[in-house]
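The values are calculated or read from the model by the stated rules, or taken from the named source; none is laboratory data. All values reported here derive from a predicted model rather than from experimental measurement. Here the Cβ positions follow ideal geometry from the backbone for every residue, glycine too, while neighbour counts run over all protein chains shown.
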Amino acid sequence: MIVRAQTLLDKTPHPDEAQIRRHMEPNLCRCGTLYAHSRGDPASRGPGRRNEIMKDAPVDAARRHFLVDGSLMVSFAMIPGAAALAQGTTEAGTFEASAPKLPGSLKNTPMLDAWIKVGADGRVSTCTGKAELGTGVRTALLQLVAEELELPPQAITLITADTAATPNEDYTAGSHTMADSGTAILNAAAQVRGLLVASAAAQLGVDAATLSTRDGAVVAPDGRRVTYGEAVRNANLHRNAQPGIPTKPPARYTVIGHALPRVDIPGKVTGGPSYVQDLRLPGMVHARVVRPPGYGATLVSVDLARVRALPGVIGVVRNGSYLAVVADDEWRAIVAMRELARVAQWKDGQPLPDPGTIHDTLMRLPAQEIVVVDQHARSADAITTLHARFSRPYMTHGSIGPACAVAHLDDGDMTVWTHTQGVYPLRKGLAEMLAMPLDKLRCVHVEGSGCYGHNVAADVAADAALIARELPGRPMRVQLMREQEHLWEPSARR
């Protein structure tokens, strides 16, 4: 996509929307990144750029009429033009104009201080339930807050995906971070600024309309200043956001749409601690898991005493057919894991299906049919009804770094550091697996060195949690071996 976009810009430095769509259509990614930008998400706009992307966008009529009959199992988003929306009509008919609604994730978590916090010392922090997956969203979200509160980005603390601190935004997927979290943060920041200005106006005895903000303070025309820390003392941020509150006009942007060095890059290119694989906590120990040799294999016997006697081994965990070893050093854990695998005896399970006939196998398994779209009854105008199955081979994910997690059970409370794409769904799954109350579990996202699709981040978090429960009191680090990372991949049988 990047190369194709560059070729377009080389030919046409300022393409219009039709040219962008026509040129980029063959290379759209599955997460719809182009359209995330095309919709005019705040961080992708330059100064003064208007969100006119979808206005009167042409629709491919041939594609729309391809299926006259039956249920669509794959849908294409046909967004009505801006003119149709303004008139309250679409091709499907008319709709009633509705009152303004809270944007993005603000609908589900409307409290302002869930998104923006201002301390008595004037320090500003912002929270998002979305995770940084290497796409630069940490930097983009900081730009939004910096723009609305007129602060330098480096003066803002961003907290991401922590079940003890951030809103529940489910999974980070589908290029929804800016549309969901970004719009929530932008609007929350605008309303917080308004409350701080109103508080400062009351303290200064002036009309709020005469005040401006810059560098963490509200400033009067005569030069008097009220810092955000002073203003927040009389501003209640623990209140519901209101819909329809205006944000800063794009023509006045000084941060959004301007280059800002990504905050996550320096550590990554200098070898600094950037990923969950780099996490080191006081008293931390290392664990390795022994996986079965095949799907459905069961553990018959194992010489645990032999492994416990190895240097540095702290403990061996067996739970049914689940095997793991814990040591005071990562290499010792690996040596013990290999010995544990050698002395374990397994009963073979069912072989995996042949990749060449996997789709036939799937058709024979129990299934639930889910209708995605069924807008039309059987049409008498249908000349031909087409039936087809589209498939592609299963692929190895192949993350750069093997999956890793750290779990710590301390006085009945468990914290899990993980590179999952959804800390709240993971917490729910771990609570069910461990039979623990949700309020006793905390999941904290830390970047992983490879994330796109299913890369067993949640699986290794479950490993760490299971082992930490058996040996509480010390942080438990579990990292998969490269062969383990691929052993259970869909293409592993090959």
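In segment 264-285, the residues that are part of a loop (DSSP other than H, G, I, E, B) reach residues that are of a type in the set (Ser, Thr, Tyr) and modelled with pLDDT of 90 or more with C-beta atoms within less than 8 angstrom, at least six apart or across chains, in these pairs: 264/139; 264/274. For segment 232-261, the set of residues classified as within 24 Å of the chain's Cα centre (by Cα), surrounded by 14 or more Cβ atoms within 10 Å (Cβ to Cβ) and not aliphatic (A, V, I, L, M) consists of 257 only.
Checked against the criterion of being touching a helix residue (DSSP H, G or I) at 6+ places or on another chain (Cβ under 9 Å) and at pLDDT 95 or above, the candidates 302, 335 yield just one match: 302.
Residue 145 meets all of the listed conditions (1) at pLDDT 95 or above; (2) in a loop (DSSP other than H, G, I, E, B); (3) among the β-branched types (Val, Ile, Thr) but one, namely (2). Report yes if residue 139 is in contact (Cβ under 8 Å) with a residue 24 or more places away in the chain, farther than 21 Å from residue 424 by Cβ and polar (S, T, N, Q), otherwise no. The answer is yes for residue 139.
Matching residues to (1) over 25 Å from residue 445 (Cβ atoms); (2) in contact (Cβ under 8 Å) with a residue 60 or more places away in the chain:
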position	(1), (2)
367	yes, no
373	yes, yes
382	yes, yes
385	yes, yes
394	yes, yes
397	no, yes
407	no, yes
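Residues in segment 369-381: is at least one outside any loop (DSSP other than H, G, I, E, B) and under 30 Å from residue 278 (Cα atoms)? No. If you go through segment 314-323 one residue at a time, do you hit one that is of a type in the set (Ser, Thr, Tyr), in a loop (DSSP other than H, G, I, E, B) and without any contact (Cβ under 8 Å) to a residue 40 or more places away in the chain? Yes: segment 314-323 contains one or more residues that are of a type in the set (Ser, Thr, Tyr), in a loop (DSSP other than H, G, I, E, B) and without any contact (Cβ under 8 Å) to a residue 40 or more places away in the chain. Looking across segment 397-429, the residues that are among the polar types (S, T, N, Q) and surrounded by fewer than 24 Cβ atoms within 10 Å (Cβ to Cβ) come down to 399, 415.
For segment 422-443: of the residues being touching a residue at least 40 places away in the same chain (Cβ under 8 Å) and in contact with a helix residue (DSSP H, G or I) (Cβ under 7 Å, 6 or more places away or on another chain), which is nearest to residue 276 (Cα to Cα)? It comes out as 443.
Give me the residue from segment 344-377 that is surrounded by 15 or more Cβ atoms within 10 Å (Cβ to Cβ) and either modelled with pLDDT of 95 or more or charged (D, E, K, R) (or both) and, out of that set, farthest from residue 312 (Cα to Cα). In this case the residue turns out to be 346.
When 184, 173 are checked against the criterion of being modelled with pLDDT under 95 and either surrounded by fewer than 23 Cβ atoms within 10 Å (Cβ to Cβ) or of a type outside the set (S, T, N, Q) (or both), a single residue qualifies: 173.
Pairs linking a residue in segment 470-486 that is closer than 15 Å to residue 455 by Cβ to a residue that is assigned to a helix (DSSP H, G or I), with Cβ atoms under 7 Å and 6 or more positions apart or on different chains, are 478/460; 478/463; 478/464; 478/467; 479/277; 480/460.
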